[in-house]
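> Sharing a structure with you now.
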Amino acid sequence: MLRVSGLCRLLLACAALFAMPAEAQDADGGATLSGGFDLIEMRADKSGDIFLWDATFSYGDATDQLMVVTTGGGPLSAQIDQSEIRVFYGRTDGNVTWLAGVRHDITPAPRDTHAIIGAQGSVGTRLSWEAYAFLSDRGRLSGEGQVIYAMPITDTLYIEPRVAAGWAARDWIDQGVRSGIGEAEGSVRLRYRIKPKINVYIGIAHERLLARRAGWRRIRATRYRQRAR
């Protein structure tokens, strides 16, 4: 199994290539291929340093898109605690993209597969949101959501607060999960835009396990994944 220290170098190399989303347009001027990393970050706290990533790649036009999302993370110099891949079909109607697809948990075990329905949207140019519901191959229903706000300070500097939460429909004794809202996270990042599609940032995040046993568990940092342009 890959260890995070080695994976860091691989992802940072990928980030250098894909931090500015690759774009390739069909000859007819319709569908576009794009992709990039929204988050590649290390978090330091009293329990140890954690490495996280979140990347999205999509192909489609202003109405229909195929999306592939990969996220994960784990303690530095240790095995990856959590990683997953999602494949979506998205249909955009106004400021909302309706999603349906599949999620597969690569780590940790058990490696569940989930059906997904969800939506992503925006309110104006600064506020974006997303919400998902998952039904696993073991019949477990859960979900997550997030709200992101971009607050410009200058043309190249802006503050980005995020609030995320996850929930479960029933108790999962084997995973220490109780029904209801089980995890929540608030974070604030100060981002500096180097180029239109490349930025660096620092920030702070606070996570609360509300209905779960104590232990390290990462809330997936996601973003509003804009339709391919």
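> Among the numbered criteria (1) open to solvent by 50 Å² or more (accessible area, probe 1.4 Å); (2) under 25 Å from residue 174 (Cβ atoms); (3) charged (D, E, K, R); (4) in contact (Cβ under 8 Å) with a residue 24 or more places away in the chain, which single criterion is violated by residue 111?
(4)
> Shifting gears a bit: Any idea which residue in the stretch 25-46 is modelled with the highest pLDDT, counting only those that are out of contact with any strand residue (DSSP E or B) (no Cβ under 6 Å at 6 or more places or on another chain) and within 18 Å of residue 186 (Cα to Cα)?
Out of the qualifying residues, it is 44.
> Give the residue that is nearest to the chain's Cα centre (by Cα), with candidates limited to residues of the stretch 180-229 that are at pLDDT 85 or above and of a type in the set (Ser, Thr, Tyr).
Selected residue: 187.
> So for the stretch 96-111 (the condition being modelled with pLDDT of 95 or more and among the acidic types (Asp, Glu)), does at least one residue qualify?
No, the stretch 96-111 contains no residue that is modelled with pLDDT of 95 or more and among the acidic types (Asp, Glu).
> Of everything in the stretch 59-72, what is part of a strand (DSSP E or B) and either at pLDDT below 90 or under 13 Å from residue 89 (Cα atoms) (or both)? Give them in sequence order.
59, 60, 64, 65, 66, 67, 68, 69
> Answer yes or no as to whether residue 52 is over 22 Å from residue 92 (Cα atoms) and modelled with pLDDT under 85.
Considered against the rule, which asks whether it is over 22 Å from residue 92 (Cα atoms) and modelled with pLDDT under 85, residue 52 comes out as no.
> So in the stretch 59-91, with the set limited to residues that are touching a Ser or Thr at 6+ places or on another chain (Cβ under 6 Å) and among the small types (Gly, Ala, Ser), which one is most open to solvent (accessible area, probe 1.4 Å)?
Here the answer is 77.
> Here is a follow-up. For the stretch 41-58, what are the residues that are open to solvent by 40 Å² or more (accessible area, probe 1.4 Å) and assigned to a strand (DSSP E or B)?
42, 43, 44, 45, 49, 57
> For the stretch 93-102, what are the residues that are surrounded by fewer than 20 Cβ atoms within 10 Å (Cβ to Cβ) and not acidic (Asp, Glu)?
Once the filter is applied, which keeps residues that are surrounded by fewer than 20 Cβ atoms within 10 Å (Cβ to Cβ) and not acidic (Asp, Glu), the stretch 93-102 yields 94, 95, 96, 98, 100, 101, 102.
The values are calculated or read from the model by the stated rules, or taken from the named source; none is laboratory data. All of these numbers come straight from a predicted model, not from anything done at the bench. Because the Cβ atoms are built from the backbone with ideal geometry, glycine has one as well, and the counts that use them run over all protein chains shown. Ligands, DNA and RNA are excluded from the accessible area calculation, which covers all protein heavy atoms including side chains. Shrake-Rupley method; radii C 1.70, N 1.55, O 1.52, S 1.80 Å.
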